[in-house]
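Remarks on the structure that follows.
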Amino acid sequence: MIQMVLLWIERLALALIVGGGIIMAAGIRPLLIPLLGERGNPALVSIIEKLSISAWNRYNRYAFLSIVLVVIIDILRIVTELPFSYWHAAIAIVIMIALLGKLAIDRELRLRLQEKSAEVVGSIEQNTGHRRVELLTKIILILAIILTI
């Protein structure tokens, strides 16, 4: 019985990671990219960039809490000698580390935007940060999908 409850909680947490990541990557980001390309209104571009970073940061925090829950469930399985697999725990830990990296990059992006405002939007540093976040997002989504299988 407890194994079923743990499995259900784990699946729910992984669904939040995968579903939220897909929604953010395929739904939110494409809507904001054209607005970020406009150079006519720097204040609007700065606000859109802040909104984008804030939305991703919120998702990353929820995803991080979800993967921490999955890791706790794996530890609980180990401690209570319920069936578990080491690869599952290892992938969950890798996802957790990747999400920590995303949170750190998001913080850098947000701080850079606060310090320099609209002039930083589209800069090499900002674009590099976004590309690193996108790469980590892809890795996290692939690993989370593997965990759901």
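The values are calculated or read from the model by the stated rules, or taken from the named source; none is laboratory data. On a predicted model such as this, the values are computed, not experimentally measured, just so you know. Methodologically, a virtual Cβ is constructed for each residue, glycine included, from the backbone with ideal geometry; neighbour enumeration extends over all protein chains shown.
Hey, does region 49-68 have a residue that's outside any helix (DSSP H, G or I), touching a helix residue (DSSP H, G or I) at 6+ places or on another chain (Cβ under 9 Å) and at negative phi?
no
Kindly indicate the residue of region 135-149 that is closer than 18 Å to Leu103 by Cα and of a type outside the set (D, E, K, R) and also nearest to the chain's Cα centre (by Cα) among those meeting that condition.
Looking at residues that are closer than 18 Å to Leu103 by Cα and of a type outside the set (D, E, K, R), I get Thr137.
Looking at this structure, is Ser66 small (Gly, Ala, Ser), buried (at least 16 other Cβ atoms within 10 Å of the Cβ) and either over 24 Å from Ala92 (Cα atoms) or at pLDDT below 80 (or both)?
No, not satisfied.
Find the residue count for region 123-149, including only residues that are part of a helix (DSSP H, G or I) and over 16 Å from Val71 (Cα atoms).
So the answer is 18.
Can you tell me which of Ile72, Ile105 is aliphatic (A, V, I, L, M), modelled with pLDDT of 95 or more and within 24 Å of Leu136 (Cβ to Cβ)?
Ile72
Identify, from the list Glu49, Glu81, the residue that is of a type in the set (D, E, K, R), modelled with pLDDT under 95 and more than 27 Å from Glu125 (Cβ to Cβ).
Within the list Glu49, Glu81, the selection yields Glu81.
Output the qualifying pairs, or none if there are none: Cβ atoms under 7 angstrom, residues six or more apart or on different chains, first residue in region 19-40 and modelled with pLDDT of 80 or more, second residue among the aromatic types (Phe, Trp, Tyr) and crowded, with 16+ Cβ neighbours inside 10 Å.
Pairs that qualify, where the first residue is modelled with pLDDT of 80 or more and the partner is among the aromatic types (Phe, Trp, Tyr) and crowded, with 16+ Cβ neighbours inside 10 Å, are Gly20/Tyr59; Met24/Trp56; Met24/Tyr59.
So which pairs qualify, if the first residue must be in region 1-16 and surrounded by 15 or more Cβ atoms within 10 Å (Cβ to Cβ), the second must be of a type in the set (A, V, I, L, M), the Cβ gap must be under 6 Å, and the two must be at least 6 apart or on different chains?
Here the result reads Leu6/Ile73; Glu10/Val70; Glu10/Ile73; Ala13/Leu69; Ala13/Val70; Leu14/Ala144; Leu14/Leu147, each pair linking region 1-16 to a residue that is of a type in the set (A, V, I, L, M).
Residue-wise test of (1) over 17 Å from Ile149 (Cα atoms); (2) among the aliphatic types (A, V, I, L, M); (3) assigned to a loop (DSSP other than H, G, I, E, B).
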residue: Met4; (1), (2), (3): no, yes, no
residue: Leu12; (1), (2), (3): no, yes, no
residue: Ile17; (1), (2), (3): no, yes, no
residue: Gly27; (1), (2), (3): yes, no, no
residue: Ala43; (1), (2), (3): yes, yes, no
residue: Ile47; (1), (2), (3): yes, yes, no
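Could you tell me whether Ile95 is at pLDDT 95 or above and within 27 Å of Arg112 (Cβ to Cβ)?
The answer is yes for Ile95.
Where residues in region 91-134 are surrounded by fewer than 18 Cβ atoms within 10 Å (Cβ to Cβ) and among the acidic types (Asp, Glu), which of them is farthest from the chain's Cα centre (by Cα)?
Ranking the qualifying residues of region 91-134, first place goes to Glu119.
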